[in-house]
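The values are calculated or read from the model by the stated rules, or taken from the named source; none is laboratory data. Since this is a predicted model, take the numbers as computed values, not measurements. Here the Cβ positions follow ideal geometry from the backbone for every residue, glycine too, while neighbour counts run over all protein chains shown. For accessibility, only protein heavy atoms count, side chains too; no ligands or nucleic acids. Shrake-Rupley method; radii C 1.70, N 1.55, O 1.52, S 1.80 Å.
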Amino acid sequence: DVIGIKVIRSIGLPTDSCEVFLVGRKDYSFKRDDQVKVQLGYDEKLMPVFSGFVDNIEHGIYKVHLTALGLTVGLLRLRLNRVYLNQTAGKIVRNLAQEVNLKVKEALDGINLPMYVVDDDTDAYEHILRLAERCNFDSYITDDEQLVFKKWNGGKKHSLEYGKELI
């Protein structure tokens with residue numbers, strides 16, 4: 001029943017999304033906020049490419065257009081007022097992720113803050129980025145939608161040669 005799938009992943013702002021187009025002549029049972037997991041591949045070798053929740057469903061004459069958003073969108077929507085006293089940056093990040101039911105793969109403690117104020121002028125994701133900057137950490141979302149908050153120690157080095165890999 002799938003006509004097409006479009007997955008959009010973002011490196012910077014965690015606004016991953018997925019659009020699924022289905023044959024419109026069937027009555028589907030999914031509804032807003034249902035969980036969505038998309039795996040793509042060949043034969044039995046499927047790889048997860050998206051997980052999130054249904055945000056919008058549009059029923060047309062010939063097709064159904066389902067739009068899903070990644071789990072991290074919750075951090076962008078979360079605005080709250082809270083004061084943290086004598087907490088590590090990692091503990092604050094874990095608490096903010098817990099507010100939107102986002103799993104944390106790894107969150108190192110980082111610096112100890114005598115006081116940190118989370119205000120509703122800024123979303124939770126921006127607060128996490130600010131804490132990462134203060135700790136000289138990196139913060140990102142893994143392929144399986146888990147938050148990482150830790151010092152970046154470098155990655156694989158790749159050699160590129162003009163005319164061979166670069167045109």
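The table for this structure:
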read-out	value
Strands (runs of 3 or more DSSP E) (entirely within segment 107-165) containing at least 3 residues that are out of contact with any helix residue (DSSP H, G or I) (no Cβ under 8 Å at 6 or more places or on another chain) and touching a residue at least 24 places away in the same chain (Cβ under 8 Å)	112-118
Segment 10-35 - residue that is of a type outside the set (A, V, I, L, M, F, W, C), surrounded by 12 or more Cβ atoms within 10 Å (Cβ to Cβ) and out of contact with any Leu (no Cβ under 9 Å at 6 or more places or on another chain) and, of those, modelled with the highest pLDDT	Asp34
Single residue of segment 36-54 satisfying the filter (open to solvent by 30 Å² or more (accessible area, probe 1.4 Å) and touching a residue at least 24 places away in the same chain (Cβ under 8 Å)) that is farthest from Val100 (Cα to Cα)	Leu40
Number of the condition not met by Asn101 [criteria: (1) loosely packed, with under 11 Cβ neighbours inside 10 Å; (2) modelled with pLDDT under 90; (3) over 19 Å from Pro14 (Cβ atoms); (4) of a type outside the set (Gly, Ala, Ser)]	(3)
Segment 127-167, residues that are exposed (fewer than 15 other Cβ atoms within 10 Å of the Cβ) and among the acidic types (Asp, Glu)	Glu133, Asp138, Asp143, Asp144, Glu161, Glu165
